[in-house]
Amino acid sequence: MRFFIDTANIEEIREAWALGVIEGVTTNPSLVAKEGKEFTGLMQEIISVVDGPISAEVISLDSEGMVAEAETLAAMSPNIVIKIPMTAEGLKATKILTAKGIKTNVTLIFSLNQAMMAARAGATFVSPFVGRLDDVNANGIELVREIVAAFNCYGLDTKIIAASIRSVTHIAEAIKAGAHYATVPYSILLAAATHLLTDQGIERFLRDWQKLK
Ligand code: E4P
């Protein structure tokens with residue numbers, strides 16, 4: 001499984017990129033709004049740091065508006081991936097953008113049917129929201145597992161991003177489910193890199209090393 005960082009915070013993106021673990025970035029309107037910066041400038045900053053897929057979300061609700069926004073965003077860099085909400089209008093926009101060679105990430109996926117339809121419309125990526133499904137007492141990882149099985153069964157190239165990741169357990173479960181990617185907030189990315197026994201092991205090695213003196 002590959003990693004994206006799920007943030008619009010440039011410092012977090014720089015740190016995560018330096019780790020050598022992430023391949024790209026996913027943003028959404030809430031994450032961008034949290035930064036309080038002008039959207040285009042912020043995307044330019046991210047583009048200057050990350051050489052990989054960068055998902056930027058459209059806010060129009062109609063396919064025409066989505067395509068117009070997407071064309072402006074895609075002109076910023078070949079690394080830009082247009083995040084499109086999973087609606088009928090979103091599917092139309094995905095079809096048009098795919099025909100134009102613009103990559104898409106169909107977001108807010110909460111069912112197997114939605115994932116299959118997005119893939120058939122030509123989505124480069126689909127983003128099932130694991131944490132938000134768990135929030136309503138459904139099983140987000142189970143949905144990821146079902147999408148992986150279905151895409152394999154039908155030989156679809158669309159890549160699956162386990163999104164709305166809330167814990168290190170979600171990451172491990174996404175790996176086991178066969179997700180191509182997980183998009184992970186910075187704090188959870190760091191938590192996943194650490195282990196109590198690693199810390200204790202380092203401490204013990206250093207303590208023993210001191211005995212040499
Ligand atoms: C997906 O790409 C979204 O940006 C994100 O994973 C949503 O996560 P949340 O449910 O924690 O807001």
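The values are calculated or read from the model by the stated rules, or taken from the named source; none is laboratory data. Treat the numbers as computed from the prediction; the structure is a model and nothing was measured. Glycine also receives a Cβ, built like all others from the backbone with ideal geometry; neighbour counts cover every protein chain displayed. In case anyone asks, the SASA skips ligands and DNA or RNA and just uses the protein heavy atoms, side chains included. Shrake-Rupley method; radii C 1.70, N 1.55, O 1.52, S 1.80 Å.
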Meets criteria (closer than 16 Å to residue 55 by Cα, open to solvent by less than 50 Å² (accessible area, probe 1.4 Å) and more than 16 Å from the ligand (Cβ to nearest atom)) for residue 97 | yes
Selection status of residue 107, within 16 Å of the ligand (Cβ to nearest atom), within 15 Å of residue 127 (Cα to Cα) and not in a helix (DSSP H, G or I) = yes
Selection status of residue 11, away from the ligand (no atom under 16 Å from the Cβ) and either modelled with pLDDT under 95 or surrounded by fewer than 18 Cβ atoms within 10 Å (Cβ to Cβ) (or both) = yes
Please identify the pairs in which a residue from region 100-119 that is within 18 Å of residue 149 (Cα to Cα) has its Cβ atom under 6 Å from the Cβ atom of a residue that is of a type in the set (D, E, K, R), counting only partners at least 6 apart or on another chain.
-> 112/146
Candidate set: region 36-76, residues that are touching a residue at least 40 places away in the same chain (Cβ under 8 Å) and not in a loop (DSSP other than H, G, I, E, B); chosen: the one surrounded by the fewest Cβ atoms within 10 Å (Cβ to Cβ) = 57
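This table checks each residue for (1) touching a Lys or Arg at 6+ places or on another chain (Cβ under 8 Å); (2) away from the ligand (no atom under 16 Å from the Cβ).
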residue: 31; (1), (2): no, no
residue: 36; (1), (2): no, yes
residue: 49; (1), (2): yes, yes
residue: 54; (1), (2): no, no
residue: 59; (1), (2): no, no
residue: 63; (1), (2): yes, yes
residue: 68; (1), (2): no, yes
If you scan region 150-178, which residues turn out to be aliphatic (A, V, I, L, M) and farther than 19 Å from residue 54 by Cβ?
-> 150, 156, 168, 171, 172, 174, 175, 177
Among residues of region 14-28, those that are open to solvent by 10 Å² or more (accessible area, probe 1.4 Å) and near the ligand (Cβ under 9 Å from one of its atoms), counted = 1
Confirm whether residue 110 is within 17 Å of the chain's Cα centre (by Cα) and of a type in the set (Phe, Trp, Tyr).
-> yes
Could you please give the count of residues in region 1-23 that are part of a strand (DSSP E or B) and either at positive phi or of a type in the set (Asp, Glu) (or both)?
-> 2
Residues (open to solvent by 30 Å² or more (accessible area, probe 1.4 Å) and either away from the ligand (no atom under 12 Å from the Cβ) or not in a loop (DSSP other than H, G, I, E, B) (or both)) located in region 165-177 = 168, 169, 172, 173, 175, 176
Among the residues of region 142-150, is there at least one that is within 12 Å of the ligand (Cβ to nearest atom) and open to solvent by less than 60 Å² (accessible area, probe 1.4 Å)?
-> no
Hey, could you check region 178-206 for residues that are β-branched (Val, Ile, Thr), over 25 Å from residue 108 (Cα atoms) and assigned to a helix (DSSP H, G or I) and say which is nearest to the chain's Cα centre (by Cα)?
-> 198
Count of residues meeting criterion [open to solvent by less than 20 Å² (accessible area, probe 1.4 Å) and among the polar types (S, T, N, Q)] in region 178-213 = 1
Could you list all residues from region 110-138 that are among the aliphatic types (A, V, I, L, M), within 15 Å of the ligand (Cβ to nearest atom) and open to solvent by 10 Å² or more (accessible area, probe 1.4 Å)?
-> 133, 136, 138
